[in-house]
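Before any comments, here is the structure.
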Amino acid sequence: MMNTRGLLTVVMLPSLMGVVFALGCSSQIASHPSTPQAVIEKFLQLDSDAAGLSKETWPEFAQYTTYSEAPSWDTFIVIDHYELGSVMVGSTRAQAQVTYYPLGKLTETFTPDTHPEMVTYHLNMVGDLWKVDSTQLIPHIAWDVMKRRLETASAADPKVKATNNALIAQISAVKR
């Protein structure tokens with residue numbers, strides 16, 4: 001026979017878990033931007049901050065997209081900045097025009113390329129949330145973020161310091 005404490009645990013625990021889950025979901029929805037413009041702004045900011053590159057920051061980035069999982073990237077576009085242009089909004093679909101101002105492509109080497117890149121992002125209403133629903137592009141990382149990442153990698157592993165310093169110098173030369 002079950003005692004009162006055991007009965008309360010069996011009855012109340014699932015109810016309590018349901019309340020906690022509901023509060024978590026409603027706070028996520030409450031904190032999620034309510035307009036396509038705000039969603040694309042947050043998406044662009046997180047992309048330029050390299051949020052899509054690590055398992056720790058992927059969940060924050062992914063909540064603004066329909067991407068199923070974080071890919072592993074070995075190529076990046078280093079950008080000086082980006083500009084969000086017009087955002088056209090329908091009832092369940094939207095599109096946003098973005099112009100990136102790149103410094104170049106970074107793989108194991110750096111290839112300068114300063115030609116502006118124009119991208120149209122598509123957003124769709126998923127449930128009650130707007131999400132970026134475009135083909136996943138190579139991450140567009142802000143130069144100051146990439147520089148910090150290279151410096152951090154150099155501090156953690158002195159073997160890569162010379163290579164990273166050379167990359168920093170090459171990108172800095174294009175930045176001028």
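Things worth noting here:
- Lys-Lys pairs in segment 99-176 that are eight or more residues apart or on separate chains and whose Cα atoms lie under 16 Å of each other come to 4.
- Heavy-atom accessible area, probed at 1.4 angstrom with all protein chains present, ranks F76, F61 as F76, F61, highest first.
- Förster radius 30 Å - calculated FRET efficiency between I138 and R176 (Cβ-Cβ, nearest 0.05): 0.80
- Remark: the A162-M118 segment gains 12.5 nm on full extension, using 0.36 nm per residue and subtracting the alpha carbon distance.
- Annotation note: GluC sites (Glu not before Pro) in segment 78-131 located in DSSP loop regions with a Cβ neighbour count of at most 14 within 10 Å are E108.
- Global geometry of segment 40-118, whether rounded, prolate or oblate, following the gyration tensor of its Cα atoms and the 1.5 cut on a/c: oblate
- Across H32, H122, the residue with the most accessible area heads the list, and the full order at a 1.4 Å probe is H122, H32.
- Accessible-area rank, largest first, for E69, E41: E69, E41, with all protein chains present and a 1.4 angstrom probe.
- Neighbour-limited loop hits for trypsin sites (Lys or Arg not before Pro), segment 52-145 (at most 11 other Cβ within 10 Å; DSSP other than H, G, I, E, B): K55
- Within the accessible area of segment 43-176 (1.4 Å probe), percent carbon and sulfur: 52 percent
The values are calculated or read from the model by the stated rules, or taken from the named source; none is laboratory data. None of the values given here were measured: they were computed from a predicted structure. Backbone-built Cβ (ideal geometry, glycine too); neighbour counts: all protein chains shown. In case anyone asks, the SASA skips ligands and DNA or RNA and just uses the protein heavy atoms, side chains included. Shrake-Rupley method; radii C 1.70, N 1.55, O 1.52, S 1.80 Å.
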